[in-house]
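See structure below.
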Amino acid sequence: MVEIEKLSVIYRDGDHSLVALDRISLHLQTGRVSALIGESGSGKTTIGNAIMGLLPQNACLEGSIRLDGNELTGLDEESYQRIRWRKVAMVFQNGAAAFNPVQRIVDQIAEPLIYHVKMKRDQALQTARKRLAAMGFSSEEMSRYPHELSGGQAQKALFAMALILDPEVLILDEPTSAMDAALKSFTGSMIKDLSRQGLAILLITHDLDLAVKTADNAAMLYLGQIMETLPARDIMLKPYHPYTLAIGRSFPAMDAVRDLGGMRGDAFYRYTHVHRNKDGHMQPHIHIAAGADEEQRGHAPAFGCLFRMRCTQAVEECSRAEVPLTTVGNHQVRCLRGGIVDLLRFDGINKKYGRTKAVEAAGFSVRAGEVFSIVGETGSGKTTLAMIAAGALKPDSGTRIFKGRDMDEWLAEDRLSLSAEIGIIYQNPSESVSHRFSVFDIVAEPLRIQKKAKDQGDEEIQRRVLKAIADVHLPTEADFLARHPHELNMGAIQRLCIARALVHQPAFIVADEPTSALDPSVQAKVVRMLLTLQIEKGLTMVFVTHDLGLARKISDRICVMLAGRIVEIGPAASVIAGPRHPYTKALLESARGSYIPTGSTQRSSRLTGCPFADRCERHTDECLLTAPPRVDLDERSHCVWCFHPFG
């Protein structure tokens, strides 16, 4: 076992120092694979080098690293030499660069046997050839020089060298970065075999697919701090920290359906440097070298969350308070808010028009920073539910909580302050703007309605309007700002509507079929732009569409509606790849060109039971007479309202 406790590493360079690790605690256990994941520069490789005793001379290390209870920090080089390769081995990044370029591969694989075990050269070479043969090397390939190997072969040779003395702990630093899909599969199988043989493995990787398939647990590293520890299987589908969610969005997984996302801004390094104060004393100061923290001009606050400048749910307290790792279920999360929060929560929402149930018993939550799509047939209640979420419609009954406050009470007390938090993009762009308004006036309208903006004056309104128009890639010249809607094409009007929805800097956007009136090429540009703005501004979005093809490309989660009822909610990848409700499956088949049985999309107050029962081949009598129960599936936030869901 390797026990790392409160490990900090600082690289010193005169008056400036790089904070690589900040009080890291991590345990590697026999027979388990621990994945270490994070952006470049987050400190992943430094942890591996610290365990191996390979930190450079300018590294200052604090904390504890214990191997089987024995302290490693402070050991001299001779003591480390007795541990390396025998007890702990490392597969270094960048394959061929880790080899001696003037020695043949087989000689280098044999070297640890000769140096550490004092094995005779001929016997060591024979053992090395067996190890290389097990890795798929031919006799001719074993005798090549490093530059004569492919990237994948060099990486496999490094594996052979690391395992030549049968170590107890194996550190893998980006082991698949130079490999094709077949070699990645081979490496994944080997990692699982080695863990079954009892090795403790630290897998340093940006390959989330490899981590999910091979690791038991994972730690998400950001600027030298662990943001979340979690079971590896939860990385893609059940993240608790906004950083983990953003990392998952950025990875091109084979089962991912959403286009690649990411996170706003950048973060490169944490530096300490020295300022001389008025009294002439030297005062250490920490800052982050990144453009994301514009309000601090690149300087981080003395306390607070390192991720807050890029977070989708940061509050003022995040910049002041110390943020410890706290336990939430089987995760540990470094977040003052306990992980990703629900920005909006519905419970038992009902809405009727006459005798028609437009929305019935709707209950769900929308998490901060996600794109939550509502899909279903025309007339299924999508727009009604979305407008209730936006505060534009009042439900007949039920509770809706927004940012921790009862939305109905908020509307009654201060409608304007709530409306400043929510932006709406309506279905028909040409009908959602006044044709008497100029381009400038259309975008400025929400600001003029808000009392706060009036107090800020015309100059502030002008600045924010021009910024919003530029954000949606429209001209800001006076001639264009003076135009009226009838002088614009439909794509420009829709961009104008998006600018108006964003001009008051809301936290939450409701987009109701925002591209239904556009041709495919313009639709693609508008959707791509909307998703970019959603990431850059850290927005939470409810996106209403009847187009499943579009929903699968933009959504983090999908909610399926029929006749006023929600029938299925889950991660987009799960809903698309394995729909559990017969109606969801029928919708997907219909999107692929198959026939879907027709039926009423509206629900009378006299009807009970499942709204799809009369069209479902799996229905029984109870489906016709009783409202189906909610069934929670496979611990992945996937739920379905059905008596007979698909397995």
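Mean shadow of region 101-217, computed from the convex hull of its alpha carbons, in nm²?
So the Cα hull casts an average projection of 7.3 nm².
State the dimensionless ratio Rg/Rh of region 510-554 (Rg: radius of gyration of Cα atoms; Rh: Kirkwood radius). Rg/Rh: 0.93.
On full extension of the chain, what length is gained from Ser8 through Gln462, given 0.36 nm per residue of separation minus the C-alpha to C-alpha distance?
Full-extension gain reported as 158.7 nm.
Dipole orientation for region 301-367: of the candidates Gly329, Phe364, Phe307, Phe364 has the Cα lying most toward the positive pole (charges on Cβ; Lys, Arg +1; Asp, Glu -1).
Which of the lysines could a cross-linker span from Lys213 if the Cα-Cα distance has to be under 30 Å and same-chain partners fewer than 8 positions apart are dropped? Leaving aside lysines fewer than 8 places away in the same chain, those within reach of Lys213 are Lys6, Lys44, Lys87, Lys130, Lys156, Lys184, Lys192, Lys238, Lys553, Lys585. Helix 181-196 and the longest principal axis of the C-alpha atoms of the chain enclose an angle of approximately 70°. Between the residues Val212, Leu418, Ser17, the greatest Cα displacement towards the positive end of the dipole of the chain, with unit charges on the Cβ of Lys, Arg, Asp and Glu, is found for Val212. For His16 and Val631, the FRET efficiency from 1/(1 + (r/R0)^6), where r spans their Cβ atoms and R0 equals 56 Å, is about 0.50.
Compute the accessible area per residue over region 330-404, keeping the other protein chains in place, probe 1.4 Å, unit Å². About 35 Å² of surface per residue is accessible.
Using 0.36 nm per residue and subtracting the Cα-Cα separation, the extra length available between Thr608 and Asp76 on full extension is 183.9 nm. Expressed as a fraction of 2.2 N^0.38 Å, the value expected for a compact globular protein of N residues, the C-alpha radius of gyration of region 26-101 is 1.17. Leu75 sits with roughly 60 Å² accessible to a 1.4 Å probe, with DNA, RNA and ligands left out of the calculation. Can you tell me the orientation of helix 458-471 relative to the chain, as the angle in degrees between its alpha-carbon axis and the longest Cα principal axis, to the nearest 10? The answer is roughly 60 degrees. A 1.4 Å probe over all protein chains sorts Cys642, Cys60 by accessible area into Cys60, Cys642, starting with the largest. Note on the chain: dipole from Cβ charges, positive end direction compared against Ser438, Gly248, Ile226; the farthest Cα belongs to Gly248. Under a model in which nothing but the beta-carbon of Lys, Arg (+1) and Asp, Glu (-1) is charged, the chain shows a dipole of about 740 debye around its Cα centre.
With a 1.4 Å probe and every protein chain left in place, work out the accessible area per residue of region 511-564 in Å², rounded to a whole number.
31 Å²
Shown for region 466-537 is the translational diffusion coefficient from the Stokes-Einstein equation, using the Kirkwood radius over Cα pairs, a temperature of 37 °C and a viscosity of 0.692 mPa s: 258 µm²/s. The share of accessible area on the chain that comes from carbon and sulfur is 49 percent, using a 1.4 angstrom probe.
As I understand it, the value is the acute angle between the Cα axis of helix 520-536 and the longest principal axis of the Cα atoms of the chain; what does it come to in degrees, rounded to 10? Its long axis makes an angle of about 60 degrees. Arg86 contributes about 110 Å² of solvent-accessible surface, heavy atoms of the protein only, 1.4 Å probe.
Of the whole protein surface, Cys639 contributes about 10 Å² of accessible area at a 1.4 Å probe radius.
How large is the direction-averaged shadow of the alpha-carbon convex hull of the chain, in nm²?
For the chain, averaging the hull's shadow over all directions gives 36.1 nm².
Within the chain, what is the longest stretch that has no GluC sites (Glu not before Pro) placed in a DSSP loop and near at most 15 other beta-carbon atoms within 10 Å? Here the longest segment lacking exposed loop sites spans 1-321.
The gain in end-to-end length when the Ala478 to Asn350 segment is fully stretched comes to 41.4 nm, 0.36 nm per residue minus the alpha carbon separation.
For Ser365 and Ser189, what is the calculated FRET efficiency with R₀ set at 45 Å and r taken between the beta-carbons, to the nearest 0.05?
Numbers: r = 39 Å, r/R0 = 0.86.
The formula returns an efficiency of 0.70 here.
Note on Ala577 and Lys120: with the Förster distance fixed at 56 Å, the Cβ-Cβ geometry gives a FRET efficiency of about 0.50. Ranked from largest, the principal axis spans of the Cα set of region 1-151 equal 50, 31, 30 Å. Between Glu617 and Ser138, the modelled label-to-label distance comes to 5.2 nm, taking each label 7 Å out from Cα in the direction of the beta carbon. Here the Karplus curve 6.51 cos²θ - 1.76 cosθ + 1.60, taken at θ = phi - 60°, turns the phi angles of region 85-93 into couplings of 6, 6, 9, 10, 10, 9, 9, 7, 6 Hz, with x standing for Gly and Pro. Distance between the C-alpha centers of region 334-389 and region 192-229? Whole Å please. Taking the Cα centre of region 192-229 as reference, the centre of region 334-389 is 35 Å away.
Spin-label pair Ala321-Glu62: with each label point 7 Å from Cα along the Cα-Cβ axis, the two points sit 2.4 nm from one another.
The values are calculated or read from the model by the stated rules, or taken from the named source; none is laboratory data. Everything quoted here is computed from the prediction, not taken from an experiment. Cβ coordinates were reconstructed from backbone atoms using ideal geometry, including for glycine residues, and neighbour counts include every protein chain displayed. We work out accessible area using only protein heavy atoms, side chains counted, and drop any ligands, DNA or RNA first. Shrake-Rupley method; radii C 1.70, N 1.55, O 1.52, S 1.80 Å.
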